[in-house]
1. Work through the residues other than Val12 whose Cβ is under 9 Å from its Cβ and net out their charges, Lys, Arg +1 and Asp, Glu -1.
2. Give the Debye-formula value of log10 I(q)/I(0) at each listed q (0.16, 0.19, 0.21 Å⁻¹), with one equal scatterer per alpha carbon of segment 117-206, two decimals each.
3. Note the angle between two axes, namely the Cα long axis of helix 93-104 and the longest principal axis of the Cα atoms of the chain, as a number of degrees from 0 to 90, rounded to the nearest 10.
4. With the Cα gyration tensor of segment 8-73 giving a ≥ b ≥ c as the square roots of its eigenvalues, does the rule (a/c under 1.5 for rounded; else a/b larger than b/c for prolate; else oblate) give rounded, prolate or oblate?
5. Of Val95, Ala128, Val70, which is farthest on the positive side of the dipole of segment 67-179, counting Cα position, with +1 on Lys and Arg Cβ, -1 on Asp and Glu Cβ, and the Cα centre as origin?
6. Any idea what angle helix 171-180 forms with the longest principal axis of the chain, computed on alpha-carbon atoms, 0 to 90 degrees, nearest 10?
7. Eigenvalues of the Cα gyration tensor times 5, then square-rooted: what semi-axes does that give for segment 31-164, in whole angstrom, largest first?
8. Work the Kirkwood hydrodynamic radius out for segment 50-122: mean of 1/r over every pair of different alpha-carbon atoms, inverted, in Å.
Amino acid sequence: RFKAVIFDLDGVICHTDQYHYQAWKQIADQENVFFDEQVNNRLRGVSRMESLEIILEQADRPYTEEEKSVLAETKNEIYKKLLKNMTRADLTEEVKGVLDNIKNSGIKVAIGSSSRNTKLILSRIGLADYFHTVSDGTNIQRSKPDPEVFLKAAEALKLAPEECLVVEDAQAGIIAAHRGGFHSAGIGEASKFHLTEYPLSCMGDLLNVFE
Ligand code: B16
Ligand code: MG
């Protein structure tokens with residue numbers, strides 16, 4: 001039924017979300033800005049600069065564009081250092097099994113991520129050359145909930161959105177899929193969202209969608 005599956009990266013293929021959290025927490029602490037898991041949940045799937053804007057909603061003073069770009073850059077340096085902890089072991093057997101199963105059945109597999117660090121992360125977990133196409137933060141103007149990142153992936157695969165299933169962990173990602181005319185499956189937070197077509201309790205569940 002589906003000709004391709006477009007996977008989100010952070011929170012779906014691997015758990016860089018904890019590193020994003022740690023890096024933003026350092027920035028927030030340094031600036032004396034309140035930051036917790038709840039604020040962090042709003043950053044899922046959202047671009048780096050938009051994430052910073054959300055965090056600075058809690059600040060008691062305005063920040064200049066110059067200050068913001070320094071903070072975003074510093075966060076990314078901390079985050080990239082944390083990414084060095086990642087290895088092939090961060091790709092679980094469960095996720096690898098699901099990917100192989102789908103790919104071996106002749107369905108195209110793609111990445112649709114807001115992250116500008118996508119290529120780096122994929123190489124750390126041993127998936128550098130695995131996907132038919134990788135659409136990420138480096139080739140889009142507007143991040144999720146805009147559908148651009150998924151539309152670029154479908155275009156590269158020469159498929160229509162309705163032929164593709166998007167797998168997401170973030171509400172912003174499910175909204176993006178919906179707006180673009182894609183089918184959607186959601187894990188974690190996204191499994192409880194009303195626009196999610198196929199709620200999944202774990203990645204292994206994804207194979208049931210193909211039965
Ligand atoms: P970077 P996804 C998103 O990736 C993350 O969920 C989000 O928290 C992050 O701010 C965004 O990537 C940008 O990441 O700073 O590496 O460019 O979930 O769309 O794979
Ligand atoms: Mg995500």
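1. Details: positive: none; negative: Asp8, Asp10, Glu168, Asp169.
My count for the surroundings of Val12 gives -4.
2. Taking Cα atoms of segment 117-206 as identical point scatterers yields -0.66, -0.93, -1.10.
3. 50
4. Numbers: a/c = 2.09, a/b = 1.70, b/c = 1.22.
Taking the square roots of the gyration eigenvalues as a ≥ b ≥ c, segment 8-73 is prolate.
5. It is Val70, whose Cα lies furthest towards the positive end.
6. Roughly 50 degrees between the two axes.
7. Values: eigenvalues 195, 68, 33 Å².
Largest first, segment 31-164 gives 31, 18, 13 Å.
8. Details: mean 1/r = 0.0645 Å⁻¹.
One over the average 1/r among Cα pairs gives 15.5 Å for segment 50-122.
Only the coordinates and a few stated rules stand behind these numbers; no lab work does. Source: prediction; values computed, not measured. In this analysis, Cβ positions are derived from the backbone assuming ideal geometry, glycine residues included, and neighbour counts consider all displayed protein chains.
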